[in-house]
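Asks: Handing you a structure now.
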Amino acid sequence: MTETKTTQGNNPAMSRRVFVGGLAALAGMGGAGLDVTKAFAQATGSAQKIADHFSSVKTMAGEFVQFGPRGEQTGGKFYIRRPGRIRFNYEAPSPMRVIADGKSVVIGNMKLKTWDIYPLSKTPLNLLLSERIDLRGKMVRGVKEESDLITIVLGDRSIFGDSTITMMFDPKTYDLRQWTITDAQKKDTSVMIFNVKTGMALDDKVFKIPYDEVRNKGR
């Protein structure tokens, strides 16, 4: 029987304050020489336990609030199935859909019937959806451990250039609170999640990309 776990929802406004504070704390890691190196190694060890827990969660679903690089705010429902699958259904009046099927990720405008398609492996989103997040590899750009927040920054310049993904976890429950993708132009798109359930069955249809439409209407 499939087990479903419900995690307590976060307040989006409070989460946004935590998010900003987490980035500020992360920015303060630089410039402390060997102390930073030692602290980084210790924090990475603790963070790996959280990352392993997150990697063990094969399915997730819940609600999200997204903040765009110009401060725009949208919300909706999301679905994740590891490895490589995610779907965002945005609330009206937004016509947007985001779907990853393990190979590609598409951004669709359902009103204009247009689609942009990218290889999932070339986007930092692939790190969030990977089978396992290994913090010993070269992808780790920063780890910050605090009493109420674990912040992990991942990126690989050889694959993603200057793009990164920042993930924030609750250090007590190991639950993912939010993530931010920073693109090569240093523009942030932040996603905060709440009312999250895990362990449910999610059909392949949830993550099906309409390739016929993408090929006909894509750029």
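Asks: Which entries in LYS122/LYS186; LYS113/LYS186; LYS138/LYS208; LYS138/LYS197; LYS111/LYS205; LYS103/LYS172 show an alpha-carbon gap greater than 25 Å?
Replies: Too far apart for the 25 Å limit: LYS113/LYS186; LYS138/LYS208; LYS138/LYS197; LYS103/LYS172.
Asks: I'd like the distance between the alpha-carbon centres of region 101-144 and region 162-182, rounded to an integer number of Å.
Replies: Distance between centres, Cα-based: 14 Å.
Asks: Could you give me the ³J(HN,Hα) list for region 167-175, computed from phi with Karplus coefficients 6.51, -1.76, 1.60 and θ = phi - 60°, whole Hz, x at Gly and Pro?
Replies: After applying 6.51 cos²θ - 1.76 cosθ + 1.60, I find 10, 10, 10, 7, x, 8, 9, 6, 6 Hz.
Asks: A follow-up question, please. Straight-line reach from LYS144: which aspartates and glutamates have a Cα under 18 Å away, not including same-chain ones fewer than 8 places off?
Replies: Within reach: ASP35, ASP52, ASP134, ASP170, ASP175.
Asks: So, one more: Can you pull the one-decimal nm distance between simple spin-label points at ASP203 and ALA184, each 7 Å off the Cα toward Cβ?
Replies: 3.9 nm
Asks: Let me ask something else. Label-point separation (nm) for TYR118 and LYS138, each offset 7 Å from Cα along Cα-to-Cβ?
Replies: With each label point 7 Å from Cα toward Cβ, the separation is 2.1 nm.
Just so you know, all these numbers are worked out from the coordinates, no wet-lab data involved. Everything numeric here is computed off the predicted structure, so don't read it as measured data. Note: ideal-geometry Cβ built from the backbone for every residue, glycine included; neighbour counts use all protein chains shown.
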